[in-house]
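Working notes, structure below.
The values are calculated or read from the model by the stated rules, or taken from the named source; none is laboratory data. Everything quoted here is computed from the prediction, not taken from an experiment. Please note: Cβ atoms are built from the backbone with ideal geometry, for glycine as well, and neighbour counts cover all protein chains shown.
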Amino acid sequence: MEKYSWWNMKFKGIIFDFGFTLFEFKDASVKKYLESYKIGLDKSVAKLKEYKVIENQDTEKLFINTFIKERNSNFKNSIKTKREFPTHILFHSIFKKLGLRSLSHERYQELADLYHFHEEQQWIPLKNTKKTLETLTNIKDLKIGVLSNHPNHNTIENLLKKYDLYHFFNIVVTSAKFGMRKPDPGIFHYTIKQMGLKDPSLCLIIGDEYADIMGGYRAGLKTILYKRTIRFPFEQEIKINDYIEINDISEILNHI
Ligand SMILES: [Mg+2]
């Protein structure tokens, strides 16, 4: 423990990553992700037929192909630039690109919510998430936040509400709302400010990957890596060693 003498400090803020930290994706795999997005896109397209924006098979095909192409290129760009492309903006941009009759902001948001609807059903809280949050809320003067890289803010809020976890948090920040993604240090500083705090070194970030740990470290926070059991392709290596590893979310209680 000596190596981590800063652990003995009194933290003022604790920030959780969402995916694979507070929640897990049922039977996670790249294939399952893609499947949920396909089902989601079908739902959005069905809505566009209902609105008579898509009225024939050619437009439908063109819409789907353009959407997938733009989504993939946005995703690649977001890794390079850390900029987030929220899903409602993606829908709007495809409308413009294809010269379709434009809709209200609420309608683009509705399409985005439908697109993420099936994905939303796959996320469930980890076994000890609720119990750990309950214990943390009993600590006096500790602010608790969620910081998620997700292109649709509603998805994260809906899930926290669905499982009765929303009230544990002082703030829920997503890259969709902020405009930049972790590991951009700006999104960490923004979250801390939203929690009513100033000093990043009095805050902890708990996450399961490079973006959480390297981003948090560069932004001046203390970092805890939750070692999930499943591995993903193209994971970036964490190049620092002053972080703590835990194997269960409840273990953070030993460190604050
Ligand atoms: Mg995560």
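Key figures
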{"read-out": "From Phe117, Phe178, Phe169, residue being of a type in the set (A, V, I, L, M, F, W, C) and either farther than 30 Å from Gly220 by Cα or modelled with pLDDT under 95 (or both)", "value": "Phe117"}
{"read-out": "Of residues in the stretch 181-209 being in a loop (DSSP other than H, G, I, E, B) and either within 17 Å of the chain's Cα centre (by Cα) or modelled with pLDDT under 95 (or both), the one surrounded by the most Cβ atoms within 10 Å (Cβ to Cβ)", "value": "Lys182"}
{"read-out": "Test: residue in the stretch 139-153 that is modelled with pLDDT of 95 or more and assigned to a helix (DSSP H, G or I)", "value": "yes"}
{"read-out": "Test result for Phe178, touching a Phe, Trp or Tyr at 6+ places or on another chain (Cβ under 6 Å) and buried (at least 16 other Cβ atoms within 10 Å of the Cβ)", "value": "yes"}
{"read-out": "So Ile39, is it in contact with a His (Cβ under 6 Å, 6 or more places away or on another chain) and among the β-branched types (Val, Ile, Thr)", "value": "yes"}
{"read-out": "In the stretch 100-132, the residues that are among the charged types (D, E, K, R) and under 15 Å from the mean Cα position of the chain (by Cα)", "value": "Asp113, Glu119, Glu120"}
{"read-out": "Asp164 vs. criteria surrounded by 17 or more Cβ atoms within 10 Å (Cβ to Cβ) and acidic (Asp, Glu)", "value": "no"}
{"read-out": "Those helices (runs of 4 or more DSSP H) lying entirely in the stretch 1-99 with at least 3 residues hydroxyl-bearing (Ser, Thr, Tyr)", "value": "30-50, 57-81"}
{"read-out": "Within the stretch 45-63, tally of residues that are in contact with a Phe, Trp or Tyr (Cβ under 7 Å, 6 or more places away or on another chain) and surrounded by fewer than 16 Cβ atoms within 10 Å (Cβ to Cβ)", "value": "0"}
{"read-out": "Answer residue from the stretch 210-254, given it is in a strand (DSSP E or B) and among the aliphatic types (A, V, I, L, M) and is nearest to the ligand (Cβ to nearest atom) among those", "value": "Leu225"}
{"read-out": "Every residue from the stretch 193-209 that is more than 14 Å from the ligand (Cβ to nearest atom) and either in contact (Cβ under 8 Å) with a residue 12 or more places away in the chain or in contact with a strand residue (DSSP E or B) (Cβ under 9 Å, 6 or more places away or on another chain) (or both)", "value": "Gln194, Met195, Gly196, Leu197, Asp199, Pro200, Ser201, Leu202, Cys203, Leu204"}
{"read-out": "Residue match in the stretch 95-105 (condition: under 30 Å from Ile246 (Cβ atoms) and either free of Cβ contacts under 8 Å to residues at least 24 places away in the same chain or within 16 Å of the ligand (Cβ to nearest atom) (or both))", "value": "no"}
{"read-out": "Residue in the stretch 235-255 that is of a type in the set (Ser, Thr, Tyr) and either over 17 Å from Leu147 (Cβ atoms) or without any contact (Cβ under 8 Å) to a residue 12 or more places away in the chain (or both) present", "value": "yes"}
{"read-out": "Filter pass, Lys82 being at pLDDT 95 or above, of a type in the set (Lys, Arg) and touching a helix residue (DSSP H, G or I) at 6+ places or on another chain (Cβ under 9 Å)", "value": "yes"}
{"read-out": "Residue check, Leu159 in contact (Cβ under 8 Å) with a residue 12 or more places away in the chain and either over 17 Å from the mean Cα position of the chain (by Cα) or within 30 Å of Lys52 (Cβ to Cβ) (or both)", "value": "no"}
